[in-house]
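Values quoted throughout were computed directly from the atomic coordinates according to the rules given, and no laboratory measurement underlies them. Everything numeric here is computed off the predicted structure, so don't read it as measured data. We place every Cβ from the backbone using ideal geometry, glycine too, and count neighbours over all the protein chains shown.
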Amino acid sequence: MTAIDLAQVAKDDQLPTLELHLTRPDVVRYSGASTDFNPIHYSDRVAKQIGLPGVVVHGMWTMGAALRIVTDWVGDPARVSSYFVRFVNPVPVPDDDLGTTVQVEARVSSVADGVATIAIEATHDGDKVLGAAKATVRLD
Amino acid sequence: MPISAEHVGRVYPATKPYRVSRAKIAEFAIALGDDNPAYFDDECPIAPPTFAAVIAAQAWAAIFDDPDLGMALRRTIHADQRFDIVRPLREGDDVVATLTIEKVRSRGNVDMVTIGVVLATAAGEELGTATSQLIHTREEGVS
């Protein structure tokens, strides 16, 4: 499943945008899958005690889910050779059926020696949630 | 006694081997909402790149258990995360994680601590590194 012609990848290529939709059950599911049971990911009471508006999703969920913009595009996730993000703002997830959405955009910032560097932006309600996010993928 | 630049270079014993299973890979990929076929392969599924954090986090316990550092998880924020991948984790890997304190900068009662966790198979094949910057606030009265 190669989604793109790797030989044609060039600087400034835009990747197809990605919308990450999530609700409380998704946050609970990630707690279980990751074994990160910090109560700020299930208890509004504990989250509010440390100044958050309520339950927030794991930064590692946002990091992992946002990488799909790269892996959907390149096809094979084994091509990813590095990935960095800074956790800039938390993503609160309301206790309702609507949930919330994170928007992800990405573009190729450089291609050199068979490696493409992808700059990734993730925003929630207009606020950046990941900072300086970038992944490298092997093209050869 | 709190953590300081003196602790840079401290290496902790490797964690017990973690066996990567196809059930856990599938559970993790589904939790990310990611249906990439590589994670659900019938022959040998690979794990999503950020799955490395699940194993690396087991090594984090070492710094919170080290009485020399005075660190507590509840006063710690995960500020950034990096993965350098040699090859994907895959079903059947027995993975051990070794944590090194790489950098410490302190300002007031806040410590910025960079930790590097090297993942390797129990047989010694290097798989990659998970590097994290943690922002730690010291307990009141400790400086």
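Counting just the residues of the range A:108-140 that are within 10 Å of chain B (Cβ to nearest Cβ) and surrounded by 24 or more Cβ atoms within 10 Å (Cβ to Cβ), which one comes out farthest from A:D13 (Cα to Cα)? Applying the filter and picking the extreme gives A:L130.
Restricting the range A:36-72 to residues that are surrounded by fewer than 22 Cβ atoms within 10 Å (Cβ to Cβ) and of a type in the set (F, W, Y) leaves a set whose member that is nearest to the other protein chains (Cβ to nearest Cβ) is A:F37.
Among the listed residues A:A33, A:A7, identify the single one that is surrounded by fewer than 19 Cβ atoms within 10 Å (Cβ to Cβ) and in a helix (DSSP H, G or I).
On the way: A:A33 fails: surrounded by fewer than 19 Cβ atoms within 10 Å (Cβ to Cβ).
When all the criteria are applied, what remains is A:A7.
On the given criteria, is B:D93 in contact (Cβ under 8 Å) with a residue 40 or more places away in the chain, more than 15 Å from B:P17 (Cβ to Cβ) and not hydroxyl-bearing (S, T, Y)? Here the answer is no, as B:D93 does not meet what is asked.
Of all the criteria given as (1) touching a residue at least 24 places away in the same chain (Cβ under 8 Å); (2) part of a loop (DSSP other than H, G, I, E, B), the one not satisfied by A:L20 is (2). Among the residues of the range A:89-140, those identified as touching an Asp or Glu at 6+ places or on another chain (Cβ under 8 Å), assigned to a loop (DSSP other than H, G, I, E, B) and closer than 29 Å to A:N38 by Cβ are A:N89, A:V93, A:D95, A:G99.
Could you run through the range B:28-70 and say how many residues are among the β-branched types (V, I, T) and either surrounded by fewer than 22 Cβ atoms within 10 Å (Cβ to Cβ) or within 9 Å of chain A (Cβ to nearest Cβ) (or both)?
Here is the first cut: in the range B:28-70, the ones among the β-branched types (V, I, T) are B:30, B:46, B:50, B:54-55, B:63.
Restricting the remaining residues to those that are either surrounded by fewer than 22 Cβ atoms within 10 Å (Cβ to Cβ) or within 9 Å of chain A (Cβ to nearest Cβ) (or both) gives B:30, B:46, B:50, B:54.
Number of matching residues: 4.
Residues in the range B:72-118 that are in a strand (DSSP E or B), within 14 Å of another protein chain (Cβ to nearest Cβ) and either among the polar types (S, T, N, Q) or closer than 24 Å to A:T62 by Cβ (or both): 15 in all.
Would you confirm, using the coordinates I've provided, whether A:P77 is buried (at least 24 other Cβ atoms within 10 Å of the Cβ), closer than 24 Å to B:F83 by Cα, within 17 Å of the chain's Cα centre (by Cα) and within 11 Å of another protein chain (Cβ to nearest Cβ)? So A:P77 passes the test.
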